[in-house]
Amino acid sequence: MSDLGVWLAEPSQSDTREYLLKHQPKDFIEIDRDFNRYYRWVMDFGFIEAKLNLLGVQPLIEDYDLGRNADVLLSEGQTQTLKLIQGAIRKSAHVLDQDKTQLAGQLLERLLDFEKPQIQGLLEVARQSKNSPWLRPLMANLERPGEGCLRTLIGHTSGVKAVAIAPDGKTAISASSDNTLKICGTPRQVRKLEPSPVILGRY
Amino acid sequence: LEAQFRELRQTFIDTSAPRLPLPYECETIIQDRTQDFTGRRFVFEAILEFLQKNRQGYFVLEADPGVGKSSIMAKLVLLLKRRCVAHFNSQSQGIVRAEQFLENACTQLIRLYQLNYQQLPENATRDGNFLSRLLGEVSAKLGGKKLILVVDALDEVEISLQGRGSNVLYLPDALPDNVYFIVSKQPKTLPLPNHQVFDLMQYSAESLADVKLYIDKRTSNSASIQSWINRQNLQRDQFVAAVAPKSQNNFMYLRFVLNDIDRDKYSDVTLNDLPRELEGYYRKHWTQMMGREDDPLLEMKVKIIYVISNLAREAVSRGPIAKSVGEKDLKVQQVLKEWESFLRQQQVSGEIRYSIYHNSFREFLAKDEIVQSAGVNVEELNRQGMNNRIEGAPL
């Protein structure tokens with residue numbers, strides 16, 4: 001485990017742990033404008049693992065959005081790195097939702113090919129993170145962040161036959177042989193869609 | 001009123017199925033806010049009329065802070081024998097996000113109507129679509145009965161976290177037949193679907209009558225209030241008549257002041273010197289504290305209350321408070337006692353957590369003039385608190 005992971009697990013942090021995992025990245029930015037420290041925390045495998053375990057995958061993904069805010073000053077390289085980590089976690093979200101112990105494997109399989117030292121450092125900790133025997137990926141076999149899909153949405157119970165993307169690129173509708181349509185997107189965009197007779201007919 | 005609601009339940013609500021308890025946070029708020037509940041008949045009659053005259057829709061109860069919106073919403077849940085969906089937003093408890101509402105409401109709907117979902121789908125809390133779908137499914141099952149959703153304190157929702165242009169909490173624009181939302185909010189403008197407003201502030205005569213009833217009830221129940229009145233050489237009705245106008249029909253004020261009399265905190269205060277209005281109550285407490293300049297704990301007391309007010313995006317336990325101000329747990333406990341009328345205490349996973357009881361006190365603390373008199377530098381306090389919390393962290 002990382003030093004930060006060990007520290008967070010100490011009994012002396014027991015009553016602040018939840019608070020720190022929830023709010024500390026934001027506090028670094030908002031209270032102290034200490035962007036480097038924000039960066040170090042959200043790049044730390046121990047922090048990522050502890051947060052995932054306590055709070056689930058979505059709050060974790062949102063921590064990396066903080067870094068994209070215009071008044072958060074990070075180097076080009078740091079911004080890129082955060083994007084890769086967030087991308088890898090987002091791509092793994094549907095797996096982690098089901099089984100949090102897949103974190104190390106998912107990150108290794110998606111990030112091993114990136115040679116940035118900070119990413120390799122994070123993966124090194126991930127490699128050491130298990131106390132019991134496990135099948136540790138030696139090569140990146142899963143789709144990497146930045147290529148292919150952003151996130152896998154699960155929910156249809158049968159094959160998806162068609163997907164239509166709205167002209168603004170922000171809403172998608174999928175049609176499946178399970179006789180349902182699913183609409184993904186923000187509510188405003190969903191509301192703007194004009195229902196076409198064809199879609200209604202199929203529904 | 002009981003009878004009218006019994007009739008409503010019999011005609012419009014299916015009471016055959018057993019009702020599971022509401023989520024813990026809801027139950028604690030309901031219990032707290034319906035303590036000594038008095039009157040408000042005219043509000044409930046308006047709600048009943050709304051339910052009878054409309055096929056579906058939104059009923060919005062509007063009033064200033066402390067006037068009793070949450071208590072009315074909580075009482076409504078009890079009058080409905082919990083055969084409704086209930087959600088209480090609360091800044092001091094960190095219940096401010098649309099996802100929390102959607103998760104709570106959808107879960108309650110699925111349970112209440114035994115809908116066929118093993119778990120909430122992943123996108124259920126992203127926007128209002130899944131909730132709308134459930135409302136449609138329930139509506140189809142209602143068979144002439146009604147579904148009522150009670151949602152308190154829309155003004156405390158963190159709307160900036162929602163998709164742009166959406167209704168607060170993603171409340172659906174269109175409701176299916178026999179589905180009703182009874183919601184409350186302060187008089188500020190919020191993005192809401194079409195709705196009917198009930199402005200509680202317009203009913204000052206009715207509210208004044210309820211205020212008097214409440215004072216009388218609290219007095220009957222408390223020997224120490226009665227003896228305070230005796231010591232002032234007053235009759236009970238004189239006491240009621242004098243305190244009611246000071247309250248400006250604000251029940252939060254009454255709760256604080258009557259609690260203080262009950263606990264003998266006003267033994268040397270005369271009727272005339274009782275604080276005026278809610279703000280007056282805060283101010284008086286504040287001045288009393290600040291007046292004791294020889295109090296060695298004063299600085300720490302002030303720090304602690306500001307830490308709670310700033311930290312409490314949710315209720316916090318003594319541990320993080322003590323760590324943030326860099327003091328011993330035991331000392332903090334001593335100080336928390338001083339502020340106890342302003343703090344809500346609740347048991348969460350085996351420990352007591354504290355939050356600001358009413359948002360109006362947080363607003364009071366944030367006033368420039370109050371911050372100045374406290375001599376706190378809020379930014380510095382936040383920074384110091386954060387550094388204390390992460391002291392020793394290796395990164």
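The values are calculated or read from the model by the stated rules, or taken from the named source; none is laboratory data. What you are looking at is a predicted structure, and each value in this text was computed from that prediction instead of being measured. Reconstructed Cβ throughout: ideal geometry from the backbone, glycine too, with neighbour counts over all protein chains shown.
Key figures for this structure:
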{"read-out": "Residue among B:ALA74, B:ALA98 that is within 14 Å of chain A (Cβ to nearest Cβ), more than 12 Å from B:ILE148 (Cβ to Cβ) and buried (at least 22 other Cβ atoms within 10 Å of the Cβ)", "value": "B:ALA98"}
{"read-out": "Tally of residues being assigned to a helix (DSSP H, G or I), within 14 Å of chain A (Cβ to nearest Cβ) and of a type in the set (A, V, I, L, M, F, W, C) across the range B:289-313", "value": "3"}
{"read-out": "Some residue of the range A:61-82 being within 9 Å of chain B (Cβ to nearest Cβ), surrounded by 17 or more Cβ atoms within 10 Å (Cβ to Cβ), aromatic (Phe, Trp, Tyr) and within 26 Å of B:GLN384 (Cα to Cα)", "value": "no"}
{"read-out": "Hits in the range B:325-366 (condition: of a type in the set (Val, Ile, Thr) and either within 14 Å of chain A (Cβ to nearest Cβ) or touching a strand residue (DSSP E or B) at 6+ places or on another chain (Cβ under 8 Å) (or both))", "value": "B:VAL325, B:VAL332, B:VAL348, B:ILE352, B:ILE356"}
{"read-out": "Residues satisfying the stated conditions in the range A:155-203, i.e. away from chain B (no Cβ under 11 Å), outside any loop (DSSP other than H, G, I, E, B) and at pLDDT below 50", "value": "A:PRO197, A:VAL198, A:ILE199, A:LEU200, A:GLY201, A:ARG202"}
{"read-out": "When residues of the range B:14-50 are limited to those that are modelled with pLDDT of 80 or more and aliphatic (A, V, I, L, M), the one nearest to B:VAL67 (Cα to Cα)", "value": "B:VAL43"}
{"read-out": "Filtered residues of the range B:281-319 (kept if surrounded by 16 or more Cβ atoms within 10 Å (Cβ to Cβ) and of a type in the set (Gly, Ala, Ser))", "value": "B:SER309, B:ALA312, B:ALA315, B:SER317, B:GLY319"}
{"read-out": "Residue within the range A:18-27 that is among the hydroxyl-bearing types (Ser, Thr, Tyr) and within 7 Å of chain B (Cβ to nearest Cβ) present", "value": "yes"}
{"read-out": "Complete set of residues in the range B:172-199 that are outside any loop (DSSP other than H, G, I, E, B) and not small (Gly, Ala, Ser)", "value": "B:VAL179, B:TYR180, B:PHE181, B:ILE182, B:VAL183, B:LYS185, B:GLN196, B:VAL197, B:PHE198, B:ASP199"}
{"read-out": "Those residues of the range B:315-362 which are in a strand (DSSP E or B) and either in contact with a helix residue (DSSP H, G or I) (Cβ under 7 Å, 6 or more places away or on another chain) or among the β-branched types (Val, Ile, Thr) (or both), in sequence order", "value": "B:VAL316, B:LEU343, B:ARG344, B:GLN346, B:VAL348, B:ILE352, B:TYR354, B:SER355, B:ILE356"}
